[in-house]
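One structure is given below, encoded as structure tokens.
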Amino acid sequence: MIIKKEIHSNLKSLIIWAIVLISFAWMIAPFIDYVLNDSQSLKEFINMMPKFMLKAFTDNIDSLFTPQGFFNVKIMMMAEIFTAIFSIMTAASIFAHEFEKKTIEYILIKPINRKQLYQKKVYALFLIYLIFAMIFWISILILFKIYVHYPYDVKILSSFALYLFVTEVFFGSITAMLSVIYQRNFMPISITMGIFVFMLIGDMLGNVMESINWIRYFSVFKYISSNSTVATGKIYLFNSLIIIIISIGLIFTGQYIFEKKDISI
């Protein structure tokens, strides 16, 4: 009942965010063939760009001249931003919002303990994240099937959806844990957004500037880099699994706090 309620409450948001993201992908996909047909002009333009700018978007310039490489440069950074914001807002809606509206007290009157309530909310949250990633995955495969006639790697396209799911789980888990600590919307959203911005910009700057390359090690995006996947063909399944395990650890930490911490009135 709780899982169904949470999915129903966040369904509209899920649909809107998914439609917006897929719309951007749809605007790019029809132009992939056109751009690759005129790849020589694109190469000349890219060669005139400063090298440090190119490093922010790709680890291998030649990878830009593939369907998945062009799609990655045009869509994936924006997709990561959209996905992180969606995951943070959804987690806050499922957890912190209950505290702010005081509906958490009403729910706990029912024959369900805190552990069960928390876990059911987590199941609903992760299911929403999975649906979002699946919509993105299926949509880009369909778009490429319709519009792209150059050879492309389906596994790499699938890895894009995997990395977005990992991004959702990681930042959503942080938000869920902070929500039961602060029991308000503002602090969990603000702190997690700050962590996300630090990791995203840190990964970009560390990739561009050798002197601060070390900062990338503190960013989750170094370990699930779509740029690296496009450049080398390597899909970071093990890294994704480790990040999900860390996220589950954050979830269990939040559960422990939720079971022990008094509800603020």
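A few points about this structure:
- Above 13 Å, the calculated P(r) of segment 185-240 contains 64 percent of its Cα-Cα pairs.
- Normalised per residue, the accessible area of segment 121-265 is 47 Å², obtained with a 1.4 Å probe and no contribution from ligands, DNA or RNA.
- In this structure, the residue pairs whose Cα-Cα separation is over 29 Å, taken from 74/121; 5/260; 74/145; 121/155; 12/121; 12/234, are 74/121; 121/155; 12/234.
- Heavy-atom surface analysis with a 1.4 Å probe gives segment 102-255 a carbon and sulfur content of 73 percent of its accessible area.
The values are calculated or read from the model by the stated rules, or taken from the named source; none is laboratory data. On a predicted model such as this, the values are computed, not experimentally measured, just so you know. For accessibility, only protein heavy atoms count, side chains too; no ligands or nucleic acids. Shrake-Rupley method; radii C 1.70, N 1.55, O 1.52, S 1.80 Å.
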